[in-house]
1. Return the residue satisfying two criteria in turn: it lies in the stretch 281-311 and is among the acidic types (D, E) and over 24 Å from V87 (Cα atoms), and of such residues it is farthest from the chain's Cα centre (by Cα).
2. When you check F102 against the structure, is it in contact (Cβ under 8 Å) with a residue 12 or more places away in the chain, buried (at least 19 other Cβ atoms within 10 Å of the Cβ), aromatic (F, W, Y) and more than 22 Å from Y291 (Cα to Cα), yes or no?
3. Here's a check for you: in the stretch 43-58, which residue that is closer than 16 Å to A26 by Cβ and among the hydrophobic types (A, V, I, L, M, F, W, C) is surrounded by the fewest Cβ atoms within 10 Å (Cβ to Cβ)?
4. With the structure loaded, tell me whether F139 is in contact (Cβ under 8 Å) with a residue 24 or more places away in the chain, in contact with a helix residue (DSSP H, G or I) (Cβ under 6 Å, 6 or more places away or on another chain), closer than 20 Å to L181 by Cα and not basic (K, R) or whether it fails that test.
5. Scanning the stretch 185-223 for residues that are touching a Gly at 6+ places or on another chain (Cβ under 9 Å) and charged (D, E, K, R), which turns out nearest to I298 (Cα to Cα)?
6. Residues of the stretch 154-184 being of a type in the set (A, V, I, L, M) and under 22 Å from D302 (Cα atoms), which ones?
7. Give the residues of the stretch 185-196 that are in a loop (DSSP other than H, G, I, E, B) and modelled with pLDDT of 95 or more, sorted by residue number.
Amino acid sequence: MLNRLLCLAALLLSQSSLGGTSTTLADPLERTIEHGGLTRTFLLYVPVDIEPDAPLIIVMHGYMGSAQLIMRYSAFNTLADQQGFIVAYPQGTVDQNGYRFFNVGYDTNVASKVDDIGFVKALTLKLQKQFDASPGRTFLAGNSNGGDMAYLMGCTNSELYGAIASVTGIFMKHFQNQCILTKPLPVFQLHGTNDVISRYEGDMANMDGYGAYFSVPETTRFWAKANGLDQKERLSLKDIDKNDNTTILFERYFSTDNSKEVWSYTLHGGGHRWPMAKWSLEEEKEALELYGATNRDISATDEIWRFFEHHLSN
């Protein structure tokens, strides 16, 4: 596992120095917030001429990632210009190995005392106050470790968000004990079956050493049950890019009035990747062996916004 992490770290460092591929109308702002005796940083993107009731999306990076990196490859800022929402990218702290992360309780970070639940909550409340964004217009998304954090925040602070989204994230066994929803919480999840970092089939035996976590189907059923959903539909999405070696099965659990939903995208053949991420062809070649295939039939960013927009409320 250590060799894999070192390779991933080297790849991320090489990618983080490359320029972005999208153009935005405003510049992201670096901001700070004090929490838990630490000065925490985040990037904030506010489109030009934003409306007073604009939605707010908080997007969290993965382990060994950064706010800058996920801002670049997700291209949420470009979509924010088009759709009129605000985006914040919190920065994780550095662990004992020198990599940024959000403390969700991995066995590998057991010594960490960083309170990231408190940090993300404080950041959410700060931005809600600053932009007059109600919980029904506030959303949380994350990739990999950031996706884990989205699940954890949904469990512990469901009242703060209109919906959450996790891409390649895992639902750890110990999350169950903290998962007490104070209100229904729509959940979006997307995961590749060939993900060797956050395993689709789960790792309840803790073979990888992060801590036990559930399979993606078990995670989907957990959130459906937590929201009291028993109606379900499933369909295979159109295989638009037949060269990406992946296909998508979409499943939706829903209430009769569609106010409560769980959306699940299973990317057959997909790896530990953000679908349609803005990587260059050279980056894709470098990443394929370590991360696996990237699905190009959908954009994770567009699908997440479609889900969030459906659950906007005042």
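The values are calculated or read from the model by the stated rules, or taken from the named source; none is laboratory data. Just so it is clear, the model here is predicted, and its values are computed rather than measured. We place every Cβ from the backbone using ideal geometry, glycine too, and count neighbours over all the protein chains shown.
1. Among those residues, the one meeting the criterion is E282.
2. No: the conditions fail for F102.
3. Per the criteria, the residue is V48.
4. Answer is yes for this residue.
5. The residue in question is D195.
6. Residues satisfying the conditions are A163, I164, A165, V167, I170.
7. L185, P186, T193, N194, D195
Let's see how each residue does on (1) touching a residue at least 24 places away in the same chain (Cβ under 8 Å); (2) among the charged types (D, E, K, R):
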position	(1), (2)
G147	yes, no
A150	yes, no
D208	yes, yes
T219	yes, no
K242	no, yes
Y253	yes, no
E261	yes, yes
